[in-house]
Amino acid sequence: MTTQVILLNGGSSAGKSGIGRCLQAVLPDPWLVFGIDSLVDALPPGLQGHAGIEFAEDGGVRVGAGFRALEAAWMEGVAATARAGARVVVDDVFLGGAASQQRWRAALAGLDVLWVGVRCDAEVAAAREIARGDRPRGMAAAQADVVHDGVSYDLEVDTTRTESLTCARTIAARVR
């Protein structure tokens, strides 16, 4: 089968978005990138908080039923896009570890998916978080390892000391 979806999972500031952009540059066919940040940015103001998604001052993230419902619809939409013939890179953060992967597996059933873990040392991710300035302090360190708990991958890359382009080339070598 031909790879239809590349799913990147890693903590905040691990480098997933940069890898996604680099994949678009190095892969021979056009690929769309859909990131969890775009979904969060698209949420109505009423879902910023208890019923939706809440970002704590310590970097913690809590999601409610309202967010989960829209997330499920988003996942199905991404899967439908791939089923319609577009090749897709997904940039996500599995806050629920294996349960998050299972939700994606259900949505992407029947598609050829390359599961990629994007790792980054917590201290390096925390420094990137500070430089970005658009995340609560502590989010990157809190997510660095927990997002990988119970998740199985076809491939893992580590951006601690490796540039996004090099990681993208490693991933592209596995795309069929």
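The values are calculated or read from the model by the stated rules, or taken from the named source; none is laboratory data. If you're wondering where the values come from, they're calculated on a predicted model, not measured in any experiment. Here the Cβ positions follow ideal geometry from the backbone for every residue, glycine too, while neighbour counts run over all protein chains shown. These accessible areas exclude ligands, DNA and RNA; they are computed on the full protein's heavy atoms, side chains included. Shrake-Rupley method; radii C 1.70, N 1.55, O 1.52, S 1.80 Å.
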Q: Could you pull out the residue among V175, V118, V124 that is touching a strand residue (DSSP E or B) at 6+ places or on another chain (Cβ under 8 Å), more than 17 Å from F94 (Cα to Cα) and of a type in the set (A, V, I, L, M)?
A: V175
Q. Can you spot a residue in segment 79-88 that is open to solvent by less than 50 Å² (accessible area, probe 1.4 Å) and under 18 Å from A14 (Cα atoms)?
A. no
Q: Could you list, in sequence order, all residues of segment 136-158 that are more than 14 Å from Q101 (Cβ to Cβ), in a loop (DSSP other than H, G, I, E, B) and open to solvent by 50 Å² or more (accessible area, probe 1.4 Å)?
A: R137, D145
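Considering each of P30, P44 in turn, give the residue that is open to solvent by 10 Å² or more (accessible area, probe 1.4 Å), at pLDDT 95 or above and more than 15 Å from the chain's Cα centre (by Cα). First the steps, then the outcome.
Details: P44 fails: at pLDDT 95 or above.
Every option except P30 fails the conditions.
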Q.
Here is a check on your reading of the model: is V124 surrounded by 13 or more Cβ atoms within 10 Å (Cβ to Cβ), within 24 Å of A98 (Cα to Cα), hydrophobic (A, V, I, L, M, F, W, C) and touching a residue at least 12 places away in the same chain (Cβ under 8 Å)?
A. no
**Q.** Among the residues listed as R68, R161, R169, R103, the single one being in a helix (DSSP H, G or I), closer than 20 Å to G20 by Cα and open to solvent by 70 Å² or more (accessible area, probe 1.4 Å)
**A.** R169
